[in-house]
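The values are calculated or read from the model by the stated rules, or taken from the named source; none is laboratory data. Everything quoted here is computed from the prediction, not taken from an experiment. Glycine gets a Cβ as well: all are built from the backbone with ideal geometry, and neighbour counts include every protein chain shown. Ligands, DNA and RNA are stripped out before the accessible areas are found, and what is left, the full protein with its side chains, is counted by its heavy atoms. Shrake-Rupley method; radii C 1.70, N 1.55, O 1.52, S 1.80 Å.
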Amino acid sequence: KLRDASTMLATWDDHDYGVNDGGKSYAMRAESAEMFLDFFKDPADSPRREREGIYGSYTFGSGDRVCQILMLDTRYFRDELPKSKEKKKKGTVGWYKPTADTSKTLLGEAQWKWLDQQLQVPANVRIIASSIQMLSFEKGMENWGNVPHEQQRLFELLKKHKADHTFAISGDVHFAELSRKDLDGYPFYDLTSSGMSHTSKSWASAANTFRVGESQSSLNAGLIKIDWDKKVVDLGIINNKGEKVLNHPVKLSELTFKDPSEPKK
């Protein structure tokens, strides 16, 4: 019903992809991509059917009210992640640690080139969708911090193109939270919503240096509202009763990259 009544955009995480915590070594990844695109009724001429992976770009609106949504694929091209052999510490869930091998990739070169191009497309609001969290890293779960040079590459791209009014959304961790990291004066947000069918109260208590407010372990979904007149983006989480359990309005004027040559106030 949702698909028929609205525009539905989708990317995958590991269990849609086909294997728990899976990356590019999954042997059936091409078949999974075809099945995924068929299920979400991507048209025959969709750019996602003409290349490897399922990343895609979508633009809505016109004039000074244009929203671009970038759906990343953090599975198809991702190298294997190193597992931690240390005993789990308090505040962690498990099992991965950051790699020091800068040859390892998360997105793959073709997707990086595409993302570089997409960040140059004019937009008044830009949402980057990642299946795994972009900022939170202490949990030991899959996240961008496990491949720190790739995470830094993303941050440098955002700064290079002065991608104002850009924030991220993510899932995967079985609870909801909002994270924020300062990128040389730019407050970069990652709104994490998960899950609609089951959550983990203990995982919601895991450490996150970048957490804004409190985590939410109720069944949840993310809800983003853009007020074009007031120039405010409301980053929110609702529970399965439709109640707002997290609400964080951000003025678009705050989401601007500063010129490095400008003196700090």
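The table for this structure:
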{"read-out": "Failed criterion for ASP116 (all others in (1) outside any loop (DSSP other than H, G, I, E, B); (2) under 23 Å from THR192 (Cβ atoms); (3) touching a helix residue (DSSP H, G or I) at 6+ places or on another chain (Cβ under 8 Å) hold)", "value": "(2)"}
{"read-out": "Filtered residue count, the stretch 10-30, keeping only those that are at negative phi and either open to solvent by less than 50 Å² (accessible area, probe 1.4 Å) or among the hydroxyl-bearing types (Ser, Thr, Tyr) (or both)", "value": "10"}
{"read-out": "Sole exception among (1) without any contact (Cβ under 8 Å) to a residue 40 or more places away in the chain; (2) part of a strand (DSSP E or B) for PHE167, by number", "value": "(1)"}
{"read-out": "Checklist (1) under 17 Å from the mean Cα position of the chain (by Cα); (2) under 30 Å from TRP228 (Cβ atoms); (3) among the aliphatic types (A, V, I, L, M) applied to LEU106, failing item", "value": "(2)"}
{"read-out": "Condition met for ALA110 (over 17 Å from GLN68 (Cα atoms), of a type outside the set (Val, Ile, Thr) and part of a helix (DSSP H, G or I))", "value": "yes"}
{"read-out": "Residue check for ILE238: of a type in the set (A, V, I, L, M, F, W, C), without any contact (Cβ under 8 Å) to a residue 40 or more places away in the chain, closer than 23 Å to LEU9 by Cβ and part of a strand (DSSP E or B)", "value": "yes"}
{"read-out": "Qualifying positions in the stretch 181-190 - surrounded by 19 or more Cβ atoms within 10 Å (Cβ to Cβ) and either within 30 Å of LYS88 (Cβ to Cβ) or basic (Lys, Arg) (or both)", "value": "PHE188, TYR189, ASP190"}
{"read-out": "All positions within the stretch 119-140 that are assigned to a loop (DSSP other than H, G, I, E, B) and closer than 26 Å to THR92 by Cβ", "value": "SER130, SER131, ILE132, MET134, LEU135, SER136, PHE137, GLU138, LYS139, GLY140"}
{"read-out": "Some residue of the stretch 196-210 being in contact (Cβ under 8 Å) with a residue 60 or more places away in the chain, of a type in the set (Val, Ile, Thr) and over 28 Å from ARG65 (Cβ atoms)", "value": "yes"}
{"read-out": "Scope the stretch 205-225; condition surrounded by fewer than 19 Cβ atoms within 10 Å (Cβ to Cβ) and either part of a strand (DSSP E or B) or within 18 Å of the chain's Cα centre (by Cα) (or both); matching residues", "value": "THR209, ARG211, VAL212, GLY213, GLU214, ALA221, GLY222, LEU223, ILE224, LYS225"}
{"read-out": "LEU81 being in contact with a Leu (Cβ under 7 Å, 6 or more places away or on another chain), among the hydrophobic types (A, V, I, L, M, F, W, C) and either farther than 28 Å from LYS244 by Cα or buried (at least 17 other Cβ atoms within 10 Å of the Cβ) (or both)", "value": "no"}
{"read-out": "Filtered residue count, the stretch 31-46, keeping only those that are part of a loop (DSSP other than H, G, I, E, B) and open to solvent by 30 Å² or more (accessible area, probe 1.4 Å)", "value": "5"}
{"read-out": "Hits in the stretch 99-110 (condition: charged (D, E, K, R) and either modelled with pLDDT under 95 or exposed (fewer than 12 other Cβ atoms within 10 Å of the Cβ) (or both))", "value": "ASP101, GLU109"}
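Each row is one residue, and each column tells you yes or no for (1) in contact with a Leu (Cβ under 9 Å, 6 or more places away or on another chain); (2) open to solvent by less than 10 Å² (accessible area, probe 1.4 Å).
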site: THR92; (1), (2): no, no
site: LYS97; (1), (2): yes, no
site: LEU119; (1), (2): yes, yes
site: ALA123; (1), (2): no, no
site: MET134; (1), (2): yes, yes
site: GLU138; (1), (2): no, no
site: ASN146; (1), (2): yes, yes
site: LYS159; (1), (2): yes, no
